[in-house]
Every structure is written in structure tokens, then in C-alpha cells.
1. Based on alpha-carbon centroids, what's the gap between segment 422-487 and segment 285-336 in Å, whole number please?
2. Counting other C-beta atoms within 10 Å, and keeping those with at most 16, which DSSP coil trypsin sites (Lys or Arg not before Pro) do you find in segment 321-363?
3. Which residues' amide hydrogens lie under 5 Å from the amide hydrogen of residue 355, considering only partners 5 or more residues apart or on another chain, with H built in the peptide plane?
4. Taking the Cα centre of the chain as origin, sum charge times position over the Cβ atoms of Lys and Arg (+1) and Asp and Glu (-1), and report the length of that vector in debye to the nearest 20.
5. Using a basic spin-label model with each label point 7 Å from the Cα along Cα→Cβ, how many nm lie between residue 462 and residue 183?
6. In whole Å, how far is the Cα centre of segment 243-258 from that of segment 62-126?
7. With r as the distance between the Cβ atoms of residue 443 and residue 512 and R0 = 41 Å, compute the FRET efficiency 1/(1 + (r/R0)^6) and round to 0.05.
8. Give the lysines reachable from residue 15 as a straight Cα distance under 30 Å; neighbours fewer than 8 places away on the same chain don't count.
Amino acid sequence: MEILEIETRPIEGQKPGTSGLRKKTHVFMSPHYLENYVQSIFDGIGGVGGKVLVLGGDGRYFNAQAAQVILRMAAANGAAKVIVGVGALMSTPAASHLIRKRGTDGGLILSASHNPGGPEEDFGLKYNMPNGGPATEGVSDRIHAATQTLTRYKIAETADVDLSAPGQARLGRMEIEIVDPVEDYAALMEELFDFDALEALFKGGFSMVFDAMHAVTGPYAKAILEGRLGAAPGTVINAEPKPDFGGGHPDPNPIWAKPLVDRMMSEDAPDFGAASDGDGDRNMILGKGIYITPSDSLAVLAANAHLAPAYEGGLKGVARSMPTSAAVDRVAEAMGISCYETPTGWKFFGNLLDAGRATLCGEESAGTGSDHVREKDGLWAVLLWLNILAASGKSVAELMEAHWQRYGRNYYSRHDYEDVDAGVAGEMVEELREQLGTLPGQKVGGLTVESAEEFAYDDPVDGSRSERQGLIFGFEGGGRAVIRLSGTGTVGATIRLYLERLETDPAKLGDDPQEALAPVIAAAEALAGIKARSGRDGPNVIT
Ligand code: G16
């Protein structure tokens, strides 16, 4: 095996966003692009000589080729071993688990998550640390710095490694272990949940549908739900992972998983509906005739987690990203446990989980997880819901309604304006930032602004500070609007407008969220003028 040292030059724009580097696939496939970034990861983490890494991916277009490049580069850079999933497939939470279980030096995951896949669509690569979690801001900064000074990368010249079945291989001195990507993960789920109770639930006629959206969770959901728990064959739909996710966006929300939502709202809906995303870390939860927002899901899971074996001793604390609704805060208050508010990005939960300060974490962007791994975990959320349903004997709607009656309902919605001119979006944020000091007391679009601030986070564990994490506007009557720019898009800018209002009147808990939020929506528009600035009539995506 010959090791080549290829001369290269820094490539602009290789800056990790909210979750690793995401770009158009053709950008990743352009000369030296992937290689430069992989070498920068290796250099940014202090080299991989003698280290053991996990390698996984969501199976999107270019996944298989990119995995071969990473293996050749790991070998050339002196890595001792890479543990890779069959076909270079492994969900993000399963990779996080494997990194932790085997005590490796971290892992590389090929994924652009919920973004569509294919030659014209998106690709991504992220590095997860030895704790199994996404690279922290500090590590991401070092990787970015390495991309800016890179002059060469190392790659082995050799044939592709056969990854089609579990087994062992070698590239020079580097060992390669090819593993079934489902096995260890399924065993972990069985430790956390009462599989006997779940089996009995399905035996008793409980029906569900899980939409894998032609993404990585298909094999996991089939093995666990249909294989281990005895759910009816056909429970898992769109189960076969495809490089282009069957032409859809593998994003489990009411827009991209509309057929599932329609089915759950129909007369003959099954008892439970769920979906997961490209790399298996996001989830969507539905009951017969009811869609559960991710923020509400976090609150219900926190309130009832003790019904599952893994959490019967109670929760150490909970954490949510700032734009996520405050529904979980009131649950934490009632339980007398801490509730942390972090910036958007799962990486900010890592320290809290490692330090034993939080057990459950969640985000409005369809992510929920616990201290069992250091990533959000789609199937885990589904299984925890199922465990709670089995133990409580209630339906999804009954659980949700009882929760709102007790804690009140945080009406919630997110409005996304995608592919807006980056300059226009940046200017909007800049102008709003300048007005923060003068807005309180002013009336905008019918509501008086009570507070206006920019979110900054001081990590209570390592003391690091993250600034400019979103603009928060509080209105009279308890409404809140948050504006921030997405860090996961690949074209232009995506403006995210997060809207929330707490309702505690028991007679007003069943309204349509867009109607219940109408005054806050109007005030936010009057404040920011997103429609006029973006030249749009309204958001592209409403969740
Ligand atoms: C990623 C991050 C999440 C974040 C989401 C949206 O999720 O892991 O923490 O909430 O992006 O981020 P943004 O609002 O910046 O686009 P995923 O599922 O895409 O990896």
C-alpha cells in the first residue's frame, strides 16, 4: 500500500455549521474538497495516529465513495483501526453508542441529516468526539482553522475495501472491523425499555406505522419493531434506505411526512404514528387524530419517563434549546429538577449529559434524546413513547390532553423562510440587534414588546460562552417570538421564526396553533418585516 502526500490549498467555506459541514453534493465531490476536510478533521483533533475511529453514514448519494476515501486517509494518517457499518451505513445515534461502547477516539458520520440527497442535493460530514457527541464549538473551531492553512493531505493508494458483510479487513497496518450497524443499538434499546410490555402491547392489537422515509432507520425499525416486538409486518413503511431517499426530504415533519400525517388524521388511523430522518436522530410523533409538537413531546416524555425501566429512578435534570417551547420547564419545576436552556445544536447538551446534570434533552427541530448516547435519537423517542403508552394504558391524545390540563399548553409553531439572500437576512438580524435597547414598551402589530434581547449561553460545566445565539422578543400576554438564522442550510440563508404562547385556560386548549398564535405572528412580522425583506408571501415551511 503506497501512501501519497497530495499537495493542496485551503478551500474557502469549510466552516462547520450547527452540525458538521453541509454542502451541495457536487461541491463535496469536487477535486480535493472531501479530502481537504477529512485531513482538517484529523489535524484539528491532533492527528489520528494510533487511534480507533467509528465510521458511519446515512446512505445518501456519495456515502459509499466518501467512506472509501476516509478509510484510505485514516490508514495513511496512521489510524490503528476503523469500525465501520456494513455498506458504510450507521445511524447517528448508533454511531454515538458504538463510539462510547468501544471507548474509541471518536467517529466520522457521513450525513446531511434531514436535507435531501442526490447529485443535485446535499451531503455532509461531521466528527463526533470520544464521548459520542458532536464536536464542541472549540473542536469545530480548530477543524475550521486547519482548513484554512492546509497544504497537503495523506491518502493510501489502494483498491476499495469490501464493506458488504460483517467481517475484518486491513489497509496496510490499519485494521478495519465491519459490523452489523443495528445489533449493538438494538441491544441498548432492550436494556432501556420494557420489551416484554411492548411485545404484549402489540399482541393486544395495538397498531402503529413508522415511516423510515427511505433513510437509515428502516433496517433499525424493522429489526426492533417488527422483529423483536412483534409489530405487524408492514408497520415500517419506506423501510429501504435509498441514496436519494426516494426523491423526498427525509425530514419528519408535517410537511415532508404529509402522507403519514394524513393517514394519522383519517378515520381508520392506527393507534400510533412516527417517523425519523435521514440519519435517524430526529423523530415525529402522532396519535390517532393528533400531531405532537417536538416541544410538547419533550415535556410529555419528561413527565412520564419514570414509567420506562431506564428512568424509573427519576431524572437528574432536563435541557432544551432556547427556541424550544417552555413546556418542559413547567414539568421540571413541578418535579423540582433543573431545566437548562442552551443554544440550538445538540453539541451544547454534551457537557450537561457528561456532568450528570441532565437526563433528557430536546429541541423544537424534532430532536429528543437522553444520556444513553450523546446524540438525539429518533427510534429511542418512539420506544419511550410506546413504553409510556403501554405502562399508562392511555392513548396519545389522552396523554397529551391530560398534560395540557395539568400544565397548560404552549401553542407553538416555527415559520421557515428558506433560501433567502444571505445579505438580506444578515442585514435584518443586524438591524433588529441595533433596536434591542429601544424596543421594550413599543407597540408593534397590536402587541406591546415587553423584552428584547439576544441569547448568549454560559456553559455551566466548562465556563465557555457562546454569543449571538438568537434574538428573543417577549410580548405582553406571554407571547414570544425568536428569530435566528439556520446553521444547517446549503443555499442562501434560512430565516427561522419561532412562535410561542402559553395558554392556561382549560377551555382554550384545543385551538388551531396558527390561530392561537395569530397576534404573535402579526407582531413578529411588524417587527422584522420578513415577508417584505424576503419578497415572499409567507414561510416555505410551517411546522
Ligand atoms: C441539527 C442539529 C440540531 C439543530 C438542527 C437545526 O440537526 O443537530 O441541534 O436543532 O440542526 O439547526 P438550524 O436551526 O441551525 O438549522 P440535524 O438533525 O440536522 O443534525
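The values are calculated or read from the model by the stated rules, or taken from the named source; none is laboratory data. If you're wondering where the values come from, they're calculated on a predicted model, not measured in any experiment. We place every Cβ from the backbone using ideal geometry, glycine too, and count neighbours over all the protein chains shown. Side chains are part of the model used for accessible areas, which takes the heavy atoms of the whole protein and leaves out ligands, DNA and RNA. Shrake-Rupley method; radii C 1.70, N 1.55, O 1.52, S 1.80 Å.
1. That distance is 25 Å.
2. On the way: sites: 330, 347, 357; in loops: 357.
Passing both the DSSP loop test and the Cβ count: no residue.
3. Amide H neighbours of residue 355, under 5 Å, 5+ apart: none.
4. Details: 49 positive and 75 negative charges, 137 e Å.
The dipole magnitude comes to about 660 debye.
5. Label-label distance for residue 462 and residue 183, simple model: 3.3 nm.
6. When both Cα centres are located, 22 Å separates them.
7. With a Förster radius of 41 Å, E is 0.95.
8. 23, 24, 51, 81, 101, 126, 154, 242, 347, 376, 531
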